[in-house]
Amino acid sequence: MPVEPVNPKRLPNGSSAFGPGIRSGHSILIVDNGTETDAIVKVIRLRDRDEQVRNFYVQQGSKWTANKIPSGRYVLRVAFGRDWNSKAHKFNFRRSFSESENFDISETTLVTQNDDGQLTETKSTKMSITLHKVLMGNFKSHEINEEDFDR
């Protein structure tokens, strides 16, 4: 049986193991990984067919800020683990998976008239989510299996 390495393989924070994703919005999503394992986070926009908007690696005890998230209804699908296997695109040890509750990211564009003509201002979402449990937290997640993470 393989033994978990003392110095596990890791990707740098923010690395996109599953492609670059979509960068067309103005919103910001901050993900805080206070767990004991690293995580790959998939930002999934819920539509007729789920759409992966972004994915990024967040090392244990770290945060990552994803910019340019477009508006929509979302869930996060997260793979946790240790010792990243780049060929298989998964962790070798302590693997677990979760999915967040649905959440919305919105943008509103306001056009106002000023002395020089028009002024356009976009109001967008800035959301911070923790991957670890927080006492009195208000954001829920549940366990899923590897197949659900991969879909």
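With a Förster radius of 35 Å applied to the beta-carbon distance between E143 and V111, the computed FRET efficiency rounds to 0.20.
What does the charge dipole of the chain about its Cα centre add up to, to the nearest 20 debye, if the Cβ of each Lys and Arg holds +1 and the Cβ of each Asp and Glu holds -1? Walk me through the numbers before you get to the answer.
Numbers: 22 positive and 20 negative charges, 84 e Å.
My answer is approximately 400 debye.
What number comes out for the charge environment of T37, summing +1 per Lys or Arg and -1 per Asp or Glu over other residues with Cβ under 9 Å away? Let's see the in-between values first.
Details: positive: R82, R94, R95; negative: E36, D38.
Result for the neighbourhood of T37: +1.
Here each label is just a point 7 Å from Cα along the line to Cβ, and for K87 and S24 those points are 3.7 nm apart. Largest mean-square fluctuation among N114, N85, N67, in a Gaussian network model of the chain whose springs join Cα atoms under 10 Å apart, belongs to N114.
If you count Lys pairs in the chain whose Cα atoms are under 21 Å apart, skipping same-chain pairs closer than 8 places in sequence, the total is 18.
Taking every C-alpha pair closer than 8 Å and separated by at least 6 residues, the mean separation divided by the residue count of the chain gives a relative contact order of 26 percent. Given the choices (i) 0.97; (ii) 1.06; (iii) 0.94, Rg/Rh (Cα atoms, Kirkwood Rh) derived from the coordinates of this structure is entry (ii).
Laboratory data are not the source of any read-out in this text; all were calculated from the coordinates shown. None of the values given here were measured: they were computed from a predicted structure. So basically every Cβ, Gly included, is an ideal-geometry build from the backbone, and we count neighbours across all protein chains shown.
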